[in-house]
Structure formats: C-alpha cells, structure tokens
Amino acid sequence: MDPTETAEIGSTGLRVTRLGVGGVGLAGGSSQGTIPPTPEEDALAIVRRSLEVGLRYFDTAPQYGRGVSERRLGSVLSTLPRSELVVSTKVGRVLDPAPAERVGSIPGPGPQDLESVFDFSYDGAMRSVEESLQRMGLDRVDILLIHDPDDHYDQALEGAYRALAELRSQGVISALGAGMNQWEMEARFAREADFDCFLLAGRYTLIDHSALEELLPLCQEKGMSVIIGGPYNSGILASDLQEGATFNYVPAQPEVLQRARRCRAVCDRHGVPLKAASLQFVLAHPAVASVIPGPRSAAEAEENFRMVEHPIPAALWEEMRGEGLIPPEAPTPG
C-alpha cells in the first residue's frame with residue numbers, strides 16, 4: 001500500500017493521506033503515569049519526519065496534554081503552505097484555569113494551571129475552536145470532531161453538532177465528525193444527523209472487529225468516512241506480546257493476548273511484521289479513509305510508514321480467515 005495515497009472524507013472533496021498522524025504522542029504521558037511525557041524536541045521531530053516521508057494529515061485535540069499537542073503541532077505546520085495540509089482537532093473539552101488547590105496535582109502531561117473540562121454546548125464548541133486556532137497558530141482547521149461525548153449525547157447533538165454544522169455551512173471547516181472509543185454512539189449519530197466522518201479508536205483492528213457488522217456498513221451506505229485511531233489497540237499489537245501488554249489501556253486479558261499471539265504466529269510464517277498486518281488490515285475496508293497511529297518518536301513515525309508499505313501476501317489473509325482470526329466478511333488488501 002502507498003501511505004501517501006489519498007482518500008476523500010465523505011463527499012466533502014477534502015482528501016487525507018491514507019496514513020496520518022495521531023497527535024496524542026506529541027504530548028505523551030498518561031493520567032496513570034505509566035507513559036512518560038514526550039520531550040518537545042522529540043515531538044517536533046515526529047511532525048517533521050512525518051512531513052518528510054509525505055504524510056499530510058494530522059489529528060490533535062485540546063485534551064492531549066492540555067493544549068501541548070496542539071501547540072507543538074502548530075509550531076511546525078504554521079510555517080508551511082496551509083493548502084498542502086489537512087488538520088483535525090476536537091471540541092467537547094475546554095481548558096479552564098485550575099483551582100488553586102489542584103495546581104500541581106493534575107494527572108497527565110501539560111500545564112499544571114489548566115484543567116480539561118467537558119463542555120458540549122454550542123458556546124463551548126465555538127470557544128474551543130477559537131482557542132485551538134490560537135494555540136496552533138493556524139487560520140483554520142479542516143475537520144472538527146466532537147470528542148468522547150459518551151455521556152453527553154443530547155448536549156453534543158443539540159450544542160456542539162449545531163456549532164460545527166454552522167461552521168461547515170459557512171465554509172469555515174470542510175468536514176465534521178465525532179471521535180470516540182466506541183462504535184455504538186457513532187452509529188446513532190450516523191443515523192440521526194449529517195456527519196461527514198467518524199474517528200473510531202480501537203473498535204476496528206486486527207483483534208477487535210466489533211464495528212464491522214454495523215457501523216462500517218452504515219457509513220458506507222451513507223457516504224460517511226471512518227478514520228481509524230488506536231490501530232494497535234493501545235499498544236498490544238505493537239508490543240512483544242509479553243504478559244502486561246496493554247489492550248484498551250489496561251493489561252490484556254489472557255484470551256486477548258493469546259489471540260494477538262496467534263495473529264503474530266501467522267505473520268511470522270509469512271515474514272510479515274504484526275504492525276504491518278495491523279495497519280493494512282484496517283485500511284482495506286472501503287469505509288476507512290485513513291489510519292492514524294500516534295507515534296511517540298520520529299523513528300516510530302517512520303516505522304509506521306514502512307509498515308503500510310510492507311508487502312503482504314494474500315496467503316497471510318487466507319490463513320488468518322482459516323484460523324478464525326478475522327471474520328469471513330472482513331475486507332483484506334488486494
């Protein structure tokens with residue numbers, strides 16, 4: 001596969017590279033303290049190396065490092081011709097001054113005088129967009145996504161969606177969507193409103209096919225695109241598959257770890273890295289426009305590029321089907 005090939009987002013005319021860059025690694029860290037923050041020079045190197053190999057789609061969010069990811073991404077992208085880039089960010093969380101008693105104890109990377117607060121209102125979405133543009137130093141973003149509205153469906157649809165639809169109708173943005181770690185609410189959004197795309201994290205991967213039966217066919221039917229986040233399921237598919245490998249941000253259950261090991265065994269028999277199969281499997285679905293792993297170093301960014309390019313024989317996919325590791329109806333490359 002060609003990582004720099006482009007695909008259209010819905011019917012917007014906006015095209016993204018098939019491999020993009022997820023911006024969570026530009027800030028790094030985790031609220032549990034299990035992942036160290038990413039040094040600024042390493043974060044800038046991720047963006048620069050991604051650009052050098054030809055990637056042109058970058059996703060970020062105010063939530064990632066409480067503005068750190070957006071600032072670092074913008075410090076590089078704001079120096080380049082804007083028409084050559086596609087940028088998505090998110091609404092649904094705003095950054096407010098932290099109460100004095102919480103300063104110094106807020107988990108995760110980012111400024112200790114700010115905290116991330118859910119706000120899916122119309123005004124909150126408009127404020128979020130304006131502040132994101134200021135942090136990135138850009139005059140616009142191309143795609144706006146409603147971020148994790150799991151417990152806020154009504155407010156997200158009545159507030160944030162209305163704001164984003166207005167911005168789209170005015171030509172301020174090209175596409176609107178939602179970004180979540182579940183497929184069920186995205187399917188509900190797809191049925192009840194005019195979305196262009198969905199960022200789906202972890203629910204369509206080599207070892208989690210839960211979005212295959214309903215969400216992906218629905219998006220195909222309605223002409224909505226899917227952007228796949230978390231293609232390595234928070235690390236397990238990019239790990240050595242030892243005990244403690246993480247799936248959905250916690251140590252993987254034995255049956256999940258065993259399934260991943262069986263996938264790797266098939267890959268090993270065909271001389272294919274598990275990472276390559278993981279990225280190319282999701283890109284084979286016609287509803288999927290792009291996959292956006294979140295590299296934490298320039299070397300990881302370059303490796304993701306090579307993994308999408310890596311040749312994979314059809315026999316690998318046939319063996320995975322034969323062993324029941326991927327569903328019969330799941331599209332595969334070629």
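The values are calculated or read from the model by the stated rules, or taken from the named source; none is laboratory data. Predicted model only: the values in this text are computed from it and were never measured. All Cβ positions, glycine included, derive from the backbone under ideal geometry; neighbour counts span all protein chains shown.
Selection over the stretch 1-16 of residues that are under 20 Å from residue 195 (Cα atoms) and either touching a helix residue (DSSP H, G or I) at 6+ places or on another chain (Cβ under 6 Å) or buried (at least 20 other Cβ atoms within 10 Å of the Cβ) (or both) gives a count of 4. Close contacts from the stretch 54-73, counting a first residue that is touching a residue at least 24 places away in the same chain (Cβ under 8 Å) and buried (at least 24 other Cβ atoms within 10 Å of the Cβ) and a second that is in a loop (DSSP other than H, G, I, E, B) and aromatic (Phe, Trp, Tyr), with Cβ to Cβ under 8 Å and a gap of 6+ residues or different chains, come to 70/64. A single entry from 132, 121 fulfils the requirement of being crowded, with 16+ Cβ neighbours inside 10 Å, under 20 Å from residue 77 (Cβ atoms) and not β-branched (Val, Ile, Thr): 132. Can you confirm whether the stretch 264-278 contains a residue that is among the aliphatic types (A, V, I, L, M), crowded, with 20+ Cβ neighbours inside 10 Å and touching a strand residue (DSSP E or B) at 6+ places or on another chain (Cβ under 8 Å)? Checked against the condition, which is being among the aliphatic types (A, V, I, L, M), crowded, with 20+ Cβ neighbours inside 10 Å and touching a strand residue (DSSP E or B) at 6+ places or on another chain (Cβ under 8 Å), the stretch 264-278 yields no hits at all.
Do we have residue 301 as in contact with a helix residue (DSSP H, G or I) (Cβ under 6 Å, 6 or more places away or on another chain) and part of a helix (DSSP H, G or I) here?
yes
One residue stands out in the stretch 249-273 among those that are of a type in the set (Gly, Ala, Ser) and free of Cβ contacts under 8 Å to residues at least 12 places away in the same chain: the one that is farthest from residue 203 (Cα to Cα), namely 271.
Just for the stretch 300-326: of the residues that are of a type in the set (A, V, I, L, M, F, W, C) and within 19 Å of the chain's Cα centre (by Cα), which one is nearest to residue 28 (Cα to Cα)? Steps first, please.
So the first thing to find is which residues in the stretch 300-326 are of a type in the set (A, V, I, L, M, F, W, C), and the list is 301, 305, 307-308, 312, 314-317, 320, 325-326.
Subset that is within 19 Å of the chain's Cα centre (by Cα): 301, 305, 307-308.
Values: 301: 14, 305: 20, 307: 22, 308: 23 Å.
So, considering only residues that are of a type in the set (A, V, I, L, M, F, W, C) and within 19 Å of the chain's Cα centre (by Cα), the one nearest to residue 28 (Cα to Cα) is 301.
Exactly one residue out of 225, 234 is polar (S, T, N, Q), farther than 17 Å from residue 91 by Cα and modelled with pLDDT of 95 or more, and it is 225.
Selection within the stretch 223-250: residues that are loosely packed, with under 14 Cβ neighbours inside 10 Å and under 22 Å from the mean Cα position of the chain (by Cα). The member of this set that is nearest to residue 285 (Cα to Cα) is 223.
Here's the yes/no breakdown for (1) hydrophobic (A, V, I, L, M, F, W, C); (2) free of Cβ contacts under 8 Å to residues at least 12 places away in the same chain; (3) within 27 Å of residue 47 (Cβ to Cβ):
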residue	(1), (2), (3)
89	no, no, yes
112	no, no, yes
116	no, no, yes
125	yes, no, yes
128	no, no, yes
143	yes, no, yes
152	no, no, no
164	yes, no, yes
173	yes, no, yes
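For residue 44, the stated conditions do not hold, so it cannot be described as of a type in the set (A, V, I, L, M, F, W, C), at pLDDT 95 or above, out of contact with any His (no Cβ under 6 Å at 6 or more places or on another chain) and under 21 Å from residue 311 (Cα atoms). Every condition in (1) within 17 Å of residue 66 (Cβ to Cβ); (2) over 18 Å from the mean Cα position of the chain (by Cα) holds for residue 147 except the one numbered (2). Checked against (1) surrounded by fewer than 16 Cβ atoms within 10 Å (Cβ to Cβ); (2) assigned to a loop (DSSP other than H, G, I, E, B); (3) of a type in the set (D, E, K, R), residue 255 passes all but condition (2). What do you reckon, is residue 12 free of Cβ contacts under 8 Å to residues at least 24 places away in the same chain, outside any strand (DSSP E or B) and over 30 Å from residue 251 (Cβ atoms)? It is false that residue 12 is free of Cβ contacts under 8 Å to residues at least 24 places away in the same chain, outside any strand (DSSP E or B) and over 30 Å from residue 251 (Cβ atoms).
Of all the criteria given as (1) in contact with a strand residue (DSSP E or B) (Cβ under 9 Å, 6 or more places away or on another chain); (2) buried (at least 17 other Cβ atoms within 10 Å of the Cβ), the one not satisfied by residue 159 is (1).
I'm checking my understanding of the structure. Among residues of the stretch 281-330 that are acidic (Asp, Glu) and free of Cβ contacts under 8 Å to residues at least 60 places away in the same chain, which one is nearest to residue 270 (Cα to Cα)?
By that ranking, first place goes to 319.
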